[in-house]
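Peer 1: Quick one: the structure is below, questions incoming.
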């Protein structure tokens, strides 16, 4: 893990500001792109990763269909229809 040599205070609401250039450098985000991040943590670390939607059943990330807020891939959708 690399250090960015950036220190930010946590405000009274528990928020921190992540510098925009750090986000765009790490996640290769464009100015017009909505960047969504996933949070992971353990005892002493928080890890941010770019969020990629996936099928709720098999974790496939391609050709997803939205059904009442859940993402479903074509193969799982086909299996559901056959039930």
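The values are calculated or read from the model by the stated rules, or taken from the named source; none is laboratory data. Given the structure is predicted, the values throughout are model-derived calculations rather than measurements. Glycine gets a Cβ as well: all are built from the backbone with ideal geometry, and neighbour counts include every protein chain shown.
Peer 1: Looking at segment 42-55, is at least one residue touching a helix residue (DSSP H, G or I) at 6+ places or on another chain (Cβ under 8 Å) and more than 21 Å from residue 4 (Cα to Cα)? I'd like the intermediate steps shown before the answer.
Peer 2: Taking segment 42-55 first, the residues touching a helix residue (DSSP H, G or I) at 6+ places or on another chain (Cβ under 8 Å) are 50, 55.
Now narrow it down to the ones that are more than 21 Å from residue 4 (Cα to Cα): 55.
For segment 42-55, residues touching a helix residue (DSSP H, G or I) at 6+ places or on another chain (Cβ under 8 Å) and more than 21 Å from residue 4 (Cα to Cα): present.
Peer 1: Still on this structure, please answer the following. Show me the strands (runs of 3 or more DSSP E) entirely contained within the chain in which 1 or more residues are under 17 Å from the mean Cα position of the chain (by Cα) and surrounded by 11 or more Cβ atoms within 10 Å (Cβ to Cβ). Steps first, please.
Peer 2: Working: elements: 37-41, 46-50, 65-67, 70-72.
By residue number, 37-41, 46-50, 70-72.
Peer 1: Please go through (1) under 30 Å from residue 70 (Cα atoms); (2) at pLDDT 85 or above for residue 8 and return the number of the only condition it doesn't satisfy.
Peer 2: Residue 8 satisfies all of (1) under 30 Å from residue 70 (Cα atoms); (2) at pLDDT 85 or above except (1).
Peer 1: So the check is Cβ under 7 Å with 6+ separation or different chains; which pairs have a first residue in segment 4-21 that's free of Cβ contacts under 8 Å to residues at least 40 places away in the same chain and at negative phi and a second one that's surrounded by 10 or more Cβ atoms within 10 Å (Cβ to Cβ) and assigned to a helix (DSSP H, G or I)?
Peer 2: Taking only residues 6 or more apart or on different chains, the pairs are 4/22; 6/22.
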